[in-house]
Amino acid sequence: MNWLNQSVDFVRTRCSWKTVPAATHKAPQSPSLADSLREMLAIVSVVGACLVWRLYAGGVQADATPPTTAPKPMSVVGHPAPNQPAMDTMMAMVNGAEIGRAQLTAECLSRHGTAVLETLVNRKIIEQACQRQGVTVTAQDIDADIDAMSRRFNVPRDQWIELIQKERGITARQYSEEIVWPMVSLRRLAHAAIEPAPEEVTQAFENQFGPSVKARIIVVRSQSEAEQLRAKAIAATDDFGALARQHSVDVGSASANGWVQPIRRHSGDARFEAVAFGLSPGDISTVVQVADQFIVVKCEGHLPAADAKFEEVRARLAEELRERKSRAASGDLFRQLQEAATVENILNDPVRSAANPGIAASVNGDRIEVAHVQNVCLERHGAEVIEILITRALLQQALDRERQKVTQADIDAEILRAAEAMGFRKADGSADTAAWLERVTRDQKMPLRHYVEDIVQPTVSLQKLVGKVPVSKEDLDKAFAATFGPRAKCRVIVLDNQRRAQEVWQLAREQLSVERIGELAEKYSVDPTSRTLRGEVPPIQRHGGQPALEREAFALKPGELSGVVQVSDRFIVLFCEGYTSPASVQFAEVRDELFADIFEKKQRIEMARYFSHLREGAAIDNFLAGTSQSPAQATTPRAGSPPKSTLSASEIEDLGRPRAGSRQAAQSVPNR
């Protein structure tokens with residue numbers, strides 16, 4: 001079970017108190033609608049980073065209306081509201097326990113206040129620039145831009161908005177105010193010359209529709225190493241994929257035996273492209289330096305240009321270039337505005353907060369009030385954060401019923417276990433919890449408090465509530481066979497319908513060889529990876545979660561062709577090349593590791609099921625979402641005694657899958 005369902009929007013900002021890195025970029029390729037959407041949304045820092053934890057949706061729902069309690073002053077994380085008191089509206093009720101607006105707002109501000117304030121500061125910077133230059137962006141301007149964007153991707157406006165909501169988790173109003181308005185404003189402020197030159201349109205056409213090169217690459221850090229690998233590759237050209245897998249520092253291509261997406265013109269380094277296009281099929285290039293990397297290229301073939309006429313796509317290509325140049329000009333202007341702005345962060349400074357009650361920040365003298373930040377935090381993140389509070393209440397209530405308690409020692413022990421499991425160790429071999437906490441809080445962009453409250457404490461709570469889980473001899477035998485036993489080395493062809501699978505199977509049977517299977521996989525397989533690798537896949541293990549496929553694979557002898565195997569909605573043809581040798585490991589040597597790994601997996605499954613029962617059996621009124629859940633007709637499992645038949649067949653199979661533990665089966669060579 002994933003304890004943290006994480007959705008992060010990288011924020012491009014250079015405010016005076018914080019710098020957040022921009023999102024990384026992919027290799028140049030023809031833009032998809034989703035790629036263009038992500039690129040567009042990264043222009044302006046208007047969506048803050050958020051971390052969401054949802055354990056379960058749960059329950060039968062109906063409309064709910066929030067009751068209110070007597071008015072009392074609201075105080076949020078040391079920042080009192082402006083002079084007037086506020087109603088502490090009840091936002092949720094969990095088995096009779098109330099969650100009030102003050103508590104929810106405090107949690108929202110604590111978790112997301114900094115990020116939300118950054119977006120408000122950036123918006124204020126743009127607003128001030130618009131005021132200085134007399135730029136006005138109306139609602140009609142925003143609607144027109146949304147319409148233009150939806151037309152550009154040939155998507156109806158309502159579907160475009162729905163895609164935005166699904167992709168970014170924001171409302172239509174937030175999209176208009178926080179994404180479109182800044183884009184339109186910055187474009188008008190930039191006054192940039194964005195009309196593409198004719199040669200730029202021609203290059204875009206060549207990039208998207210021109211010929212390309214099928215290639216594998218090896219990427220290393222030094223000229224000498226690249227020359228050595230090139231010499232080995234020339235001596236044995238069939239070993240190029242293995243050399244890439246063993247030595248290349250580019251993980252993406254190395255994991256695919258050196259294969260990369262077809263190389264196109266005008267997509268990167270001009271010299272690299274010239275070398276690639278100058279190769280004939282089977283040729284291996286000289287060493288090409290790109291930045292601080294040294295690359296060896298093997299040409300696997302040339303792909304012809306697409307059947308597209310320049311005049312038919314010229315308008316679309318020009319519009320894409322205008323949009324790209326507009327983004328660049330807007331981004332440059334925005335960075336200049338940020339650098340020139342005088343920003344005082346008050347929210348995150350206790351001394352300044354005490355001296356400026358109710359004020360969150362000052363931008364060139366204009367103030368942003370804490371109440372405004374609170375309201376935006378609640379609007380953007382309230383639905384997510386209230387689920388965290390509901391989960392916390394459910395677990396605490398269950399612990400109270402079972403007279404269980406989570407201690408600091410329990411928290412420390414779980415952090416220690418996590419550090420060990422993730423390989424964080426000191427020189428003396430002991431767990432390095434400090435390094436682990438630094439990494440996890442940095443990677444998940446959350447403070448230590450929230451890591452403990454949202455991840456560690458719920459985990460420990462459920463461990464206590466679930467208690468011990470049994471590990472049988474059958475569990476251990478399956479895990480041993482999956483991790484250290486032999487594996488079937490097969491080529492596969494994946495088809496999407498039975499008729500086509502039978503036709504391809506017949507073609508394979510008529511001329512059965514590794515080369516023929518590779519040709520058929522490259523031509524017919526609907527799976528991109530196996531098609532690119534000519535049917536090569538990682539060796540198939542026992543108890544890996546696909547019993548039908550495993551039975552067929554392990555029934556084959558080297559050189560034999562399987563029947564057509566249906567796995568879900570796919571139809572697979574296997575060709576057996578041999579079997580890997582089992583690892584030279586005795587069961588007694590690894591029994592304890594296997595036991596610990598299986599215990600953790602089974603406990604994790606039981607924890608997920610326990611929480612599902614807990615949630616289903618609760619009375620939950622979520623007034624913020626307008627939903628109400630009555631307890632399901634099921635009893636909540638008691639601590640130490642989860643339901644007897646809790647593991648599904650797929651979950652049982654999961655217990656036998658290879659572990660991410662410290663001991664790995666040695667790489668072996670197929671027996672022929």
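The values are calculated or read from the model by the stated rules, or taken from the named source; none is laboratory data. Nothing here was measured: the structure is a model prediction, and the numbers come from that model. Quick reminder, even Gly has a Cβ in these numbers, built from the backbone with ideal geometry, and neighbours come from all protein chains shown.
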Pair list, Cβ under 7 Å, 6 or more apart: the stretch 503-518 residue over 16 Å from P558 (Cβ atoms) and touching a residue at least 40 places away in the same chain (Cβ under 8 Å), other residue part of a helix (DSSP H, G or I) and of a type outside the set (D, E, K, R): V504/L520; V504/Y524
- request: Would you check if there is a residue in the stretch 561-569 being assigned to a loop (DSSP other than H, G, I, E, B) and among the hydroxyl-bearing types (S, T, Y)?
  value: yes
message: Only one of E510, E536 is within 28 Å of the chain's Cα centre (by Cα) and either aliphatic (A, V, I, L, M) or not assigned by TED's automatic domain parsing to the domain that holds G258 (or both). Can you tell me which?
response: E536
field: Sole exception among (1) in a helix (DSSP H, G or I); (2) surrounded by 21 or more Cβ atoms within 10 Å (Cβ to Cβ) for L399, by number
entry: (2)
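I need the full set of residues from the stretch 513-536 which are assigned to a loop (DSSP other than H, G, I, E, B), buried (at least 16 other Cβ atoms within 10 Å of the Cβ) and of a type outside the set (D, E, K, R), in order please.
First, pick out the residues of the stretch 513-536 that are assigned to a loop (DSSP other than H, G, I, E, B): 513, 525-527, 533-535.
Now drop any that are not buried (at least 16 other Cβ atoms within 10 Å of the Cβ), which leaves 525, 527, 533-535.
Passing the criteria: S525, L533, G535.
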- line: Within the stretch 331-377, residues being surrounded by 15 or more Cβ atoms within 10 Å (Cβ to Cβ), touching a Ser or Thr at 6+ places or on another chain (Cβ under 9 Å) and of a type in the set (S, T, Y) number 1
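Select from the stretch 486-499 the residues that are under 34 Å from the mean Cα position of the chain (by Cα) and surrounded by fewer than 19 Cβ atoms within 10 Å (Cβ to Cβ) and list them in ascending order. Before you say what the answer is, go through the steps one by one.
So the first thing to find is which residues in the stretch 486-499 are under 34 Å from the mean Cα position of the chain (by Cα), and the list is 486-498.
If the condition is that a residue be under 34 Å from the mean Cα position of the chain (by Cα) and surrounded by fewer than 19 Cβ atoms within 10 Å (Cβ to Cβ), then D496, N497, Q498 are the ones that fit.
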query: Of all the residues that make up the stretch 288-297, how many are touching a Leu at 6+ places or on another chain (Cβ under 9 Å) and part of a loop (DSSP other than H, G, I, E, B)?
result: 0
task: Kindly list the number of the only condition in (1) farther than 19 Å from P538 by Cβ; (2) at pLDDT below 95 that fails for V251.
output: (1)
statement: Selection from the stretch 328-342 of residues assigned to a helix (DSSP H, G or I) and more than 15 Å from H191 (Cβ to Cβ) yields R335, Q338, E339, A340
task: Among the residues of the stretch 310-354, write down those that are touching a residue at least 40 places away in the same chain (Cβ under 8 Å) and among the β-branched types (V, I, T).
output: V313, T342, V343
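Is it the case that some residue within the stretch 583-605 is among the hydrophobic types (A, V, I, L, M, F, W, C), closer than 30 Å to Q261 by Cβ and under 30 Å from the mean Cα position of the chain (by Cα)? Explain how you work it out, then say what you get.
Here is the first cut: in the stretch 583-605, the residues among the hydrophobic types (A, V, I, L, M, F, W, C) are 583, 585, 587-588, 590, 594-596, 598-599, 605.
Now restrict to residues that are closer than 30 Å to Q261 by Cβ: none.
Taking every residue of the stretch 583-605 in turn, none turns out to be among the hydrophobic types (A, V, I, L, M, F, W, C), closer than 30 Å to Q261 by Cβ and under 30 Å from the mean Cα position of the chain (by Cα).
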field: Top-ranked residue of the stretch 160-205 - restricted to ones that are in the same structural domain as C130 (by TED's automatic domain parsing) and among the aromatic types (F, W, Y), ranked as nearest to A383 (Cα to Cα)
entry: Y175
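So that you can scan it fast, the table gives a plain yes or no per residue for (1) buried (at least 21 other Cβ atoms within 10 Å of the Cβ); (2) in contact with a Leu (Cβ under 8 Å, 6 or more places away or on another chain); (3) modelled with pLDDT of 90 or more; (4) of a type in the set (V, I, T):
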{"residue": "V590", "(1), (2), (3), (4)": "yes, no, yes, yes"}
{"residue": "L594", "(1), (2), (3), (4)": "yes, yes, yes, no"}
{"residue": "Q603", "(1), (2), (3), (4)": "no, no, yes, no"}
{"residue": "E606", "(1), (2), (3), (4)": "yes, no, yes, no"}
{"residue": "Y610", "(1), (2), (3), (4)": "yes, yes, yes, no"}
{"residue": "L614", "(1), (2), (3), (4)": "yes, yes, yes, no"}
{"residue": "A618", "(1), (2), (3), (4)": "yes, yes, yes, no"}
{"residue": "N622", "(1), (2), (3), (4)": "yes, no, yes, no"}
{"residue": "R638", "(1), (2), (3), (4)": "no, no, no, no"}
field: Selection within the stretch 446-502 - assigned to a helix (DSSP H, G or I) and small (G, A, S)
entry: S461, A479, A481, A482, A501
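Okay, residues lined up against (1) of a type in the set (S, T, N, Q); (2) more than 30 Å from A625 (Cβ to Cβ):
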{"position": "I346", "(1), (2)": "no, yes"}
{"position": "N356", "(1), (2)": "yes, yes"}
{"position": "V385", "(1), (2)": "no, no"}
{"position": "E402", "(1), (2)": "no, no"}
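Look at G429 and say whether it is loosely packed, with under 12 Cβ neighbours inside 10 Å and over 27 Å from V94 (Cβ atoms).
Numbers: loosely packed, with under 12 Cβ neighbours inside 10 Å: yes; over 27 Å from V94 (Cβ atoms): yes.
Criteria met by G429.
Is it the case, given these coordinates, that G559 is modelled with pLDDT under 90 and closer than 13 Å to A488 by Cα? Step through it out loud before you land on a result.
On the way: modelled with pLDDT under 90: no; closer than 13 Å to A488 by Cα: yes.
Against the criterion (modelled with pLDDT under 90 and closer than 13 Å to A488 by Cα), G559 does not qualify.
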field: helices (runs of 4 or more DSSP H) (entirely within the stretch 98-169) containing at least 1 residues that are under 18 Å from V370 (Cβ atoms) and among the aliphatic types (A, V, I, L, M)
entry: 101-133
- line: Flagged in the stretch 537-573 as closer than 22 Å to A242 by Cα and surrounded by 19 or more Cβ atoms within 10 Å (Cβ to Cβ), in numbering order, are I540, Q541
statement: Selection over the stretch 135-180 where residues are charged (D, E, K, R) and within 21 Å of R327 (Cβ to Cβ) yields a count of 10
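Is it the case that some residue within the stretch 411-418 is among the basic types (K, R) and either in the same structural domain as G169 (by TED's automatic domain parsing) or within 27 Å of G113 (Cα to Cα) (or both)?
Going residue by residue through the stretch 411-418, those that are among the basic types (K, R) are 417.
Those left that are additionally either in the same structural domain as G169 (by TED's automatic domain parsing) or within 27 Å of G113 (Cα to Cα) (or both): none.
No: the stretch 411-418 contains no residue that is among the basic types (K, R) and either in the same structural domain as G169 (by TED's automatic domain parsing) or within 27 Å of G113 (Cα to Cα) (or both).
Going through the stretch 298-327 one residue at a time, which ones are touching a Phe, Trp or Tyr at 6+ places or on another chain (Cβ under 7 Å) and in a strand (DSSP E or B)?
Hit for the stretch 298-327 is K298, nothing else.
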